[in-house]
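Trainee: Pasting a structure below so you can have a look.
The values are calculated or read from the model by the stated rules, or taken from the named source; none is laboratory data. No experiment lies behind these values; they were computed from the predicted model shown. So basically every Cβ, Gly included, is an ideal-geometry build from the backbone, and we count neighbours across all protein chains shown. To get the accessible areas, we keep the full protein, side chains included, count just its heavy atoms, and leave off ligands, DNA and RNA. Shrake-Rupley method; radii C 1.70, N 1.55, O 1.52, S 1.80 Å.
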Amino acid sequence: MITRRQFQLGSLSMVGLAALNRPTTARTIAAASLKPRPGKVRLLEAPEPLTDIWGYGGTSPGPLLEATQGQPFAADLINGLSEPTTIHWHGIRIANAMDGVAYLTQEPALPNETFPYRFTPPDAGTYWYHPHNRTWEQMARGLYGMFIVRETEPLAVDRDVPLIFDDWRLDSDGRIDERSFGALHDKAHAGRLGNVLSLNGKPADDIHVLAGERVRLRLLNAANARIIAIAFEGHALDVIALDGQPVDPFKPDGNVVLLAPAQRADVLIDMTNETGTRSRIEVLTQRERIHMGDIVYDAHERRRARPLADKLTLPPNPMPTDLDLANATTTDLVMTGGAMGQMASARFRGREVPIRELARRHGKVWAFNGEVGMGGDPLAKYTRGETVQIRMINRTAWPHAMHIHGHHFREVAHSKRAPSPHWRDTVLMMPDEEITVAFQAHNPGKWMFHCHMLEHQDGGMATWYEVA
Ligand code: C2O
Ligand code: CU
């Protein structure tokens, strides 16, 4: 029986926090072999049972992968599952053939097959990896991990701490609720929300620090669909990167980091409290503050008498950021469907299908520009080097975490506020919002563009574009 970690389905909430303390001079894994396979993890406090999951190497999160900016990286996927899979290197500006999208950039690896991934990450930052085949199921079962690309010059911080948040839907015996996989209700509403939160694959996790330390937290929201707000009691936060890309350091609103599914934030914290103290790491929901662990100060030792005073800014990445907006090609993307939506029908497999039939027969409930899912044709074809603007119009009653493969983008217009200046790979859109994003189409290939609320993606919110 799940007891203290249980919370209401559909409530905007979660459990537990953990931290993996690592020296900043960590080794670089230039080669890895990644075997997705069944395993067991402790998502609930003992004496509750362990949970059967799928994970890379049988663990969730999978191994922390590290590469160095501009240095080759190699990983062999060895499929230990009973269904086809791939690995997508989320946020990395990668050669198209290595992007890991089943049936678009590669054939998936069948059970027992191997697929060699080889690439050189151009940008330093916090990224992650996950399957891109039946993603809604494979990720909900625990398949994902963090991918850190180190700066060539190490950053002057004392500690580098990955914090990976996830949201699990467990039944009363602590097992992953399999019966609700693919549920139409989840697809048409907010996606698969869980009832148990984890931090670094545990119900809760602590960050052990010394007074006076400067810590770089690497936050990732690996949930299928849950938007997560993260707070650190008694500590001021400086956001230094979003979705892997450096930003001018800023203090987040309310001292809370809000992450849509798939988003990352690098946050700097100076450990200004006293030796021997503890303070809470929390996920905030509308109703509660869920305790995910503590920042724990060593009782005796301190790193330095007073915290560092200098500012710390990450070096820029070599990503092309010139935008020629005057001559940009603009593409509209109208998002429709879902519960409480107005969509009566949409194109699916070449014909116009009424919404009831789409939902009941095919499990599809969303459309982009009136088309369900990938269709045959790309959303648009762009010429290499041109500036692209995509105007996303959310005509649904739901938030969406819109993710573009192959390129980071920047907002150039927003219907509700000033556009954000940050380069991202995933942007959260609220109902009725309209956001125009722009990027320079520098990376040739066929790239996916979808909602990262994975049940929405499966329910039809997916398309692709081509850069020739
Ligand atoms: Cu993490 Cu297609 O995405
Ligand atoms: Cu969505």
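Trainee: Which members of the range 456-468 meet the condition of being within 23 Å of residue 183 (Cβ to Cβ), within 14 Å of ligand 1 (Cβ to nearest atom) and open to solvent by less than 10 Å² (accessible area, probe 1.4 Å)? First the steps, then the outcome.
Mentor: The first filter runs over the range 456-468 and keeps only residues within 23 Å of residue 183 (Cβ to Cβ), leaving 456-462.
Then keep just the ones that are within 14 Å of ligand 1 (Cβ to nearest atom); that gives 456-458, 461-462.
Matches in the range 456-468: 456, 461, 462.
For (1) over 27 Å from the mean Cα position of the chain (by Cα); (2) of a type in the set (Ser, Thr, Tyr), each residue gets a yes or a no:
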site	(1), (2)
335	no, no
342	yes, no
349	yes, no
357	yes, no
360	yes, no
377	no, no
382	no, yes
386	yes, no
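Trainee: Okay, next question. Can you pull out the strands (runs of 3 or more DSSP E) entirely within the range 282-358 that have at least 2 residues that are more than 16 Å from ligand 1 (Cβ to nearest atom) and closer than 30 Å to residue 464 by Cα?
Mentor: Numbers: elements: 289-302, 329-337, 345-348, 351-354.
Correct list: 329-337, 345-348, 351-354.
Trainee: Scan the range 124-142 and give yes if some residue there is over 20 Å from residue 58 (Cβ atoms) and away from ligand 1 (no atom under 16 Å from the Cβ), otherwise no.
Mentor: Checking the range 124-142: at least one residue is over 20 Å from residue 58 (Cβ atoms) and away from ligand 1 (no atom under 16 Å from the Cβ).
Trainee: So the check is Cβ under 6 Å with 6+ separation or different chains; which pairs have a first residue in the range 301-328 that's open to solvent by less than 80 Å² (accessible area, probe 1.4 Å) and a second one that's basic (Lys, Arg) and at pLDDT 95 or above?
Mentor: Close Cβ pairs satisfying both conditions: 308/214.
Trainee: Here is a further query. Among the candidates 253, 205, 238, single out the residue that is in the same structural domain as residue 59 (by TED's automatic domain parsing) and touching a Gly at 6+ places or on another chain (Cβ under 6 Å).
Mentor: Just one listed residue meets the conditions, 205.
Trainee: Sticking with this one: Would you check which residues across the range 248-287 are out of contact with any Lys or Arg (no Cβ under 7 Å at 6 or more places or on another chain) and of a type in the set (Ser, Thr, Tyr) and list them?
Mentor: 272, 277, 279, 285
Trainee: Could you check how many residues of the range 280-325 are under 16 Å from residue 207 (Cα atoms) and of a type in the set (Lys, Arg)?
Mentor: Adding up the residues that qualify gives 3.
Trainee: In addition: What strands (runs of 3 or more DSSP E) lie completely within the range 370-464 and have 3 or more residues being within 15 Å of ligand 2 (Cβ to nearest atom)?
Mentor: 387-394, 400-404, 426-429, 445-451
Trainee: Which of the residues belonging to the range 432-447 are open to solvent by 10 Å² or more (accessible area, probe 1.4 Å) and either within 18 Å of residue 262 (Cα to Cα) or away from ligand 1 (no atom under 16 Å from the Cβ) (or both)?
Mentor: Those that are open to solvent by 10 Å² or more (accessible area, probe 1.4 Å) and either within 18 Å of residue 262 (Cα to Cα) or away from ligand 1 (no atom under 16 Å from the Cβ) (or both): 432, 433, 434, 436, 440, 442, 444.
Trainee: On to the next question. Scanning the range 391-422 for residues that are among the charged types (D, E, K, R) and in contact with a Leu (Cβ under 9 Å, 6 or more places away or on another chain), which turns out nearest to ligand 1 (Cβ to nearest atom)?
Mentor: Going through the qualifying residues, I end up with 410.
Trainee: Right, next: Go through the range 111-146 and report how many residues are within 16 Å of ligand 2 (Cβ to nearest atom) and in contact with a Ser or Thr (Cβ under 7 Å, 6 or more places away or on another chain). Steps first, answer last, please.
Mentor: Start the filter on the range 111-146 by keeping residues that are within 16 Å of ligand 2 (Cβ to nearest atom), which leaves 135-136, 139-140.
Checking which are in contact with a Ser or Thr (Cβ under 7 Å, 6 or more places away or on another chain) leaves us with none.
Here the count works out to 0.
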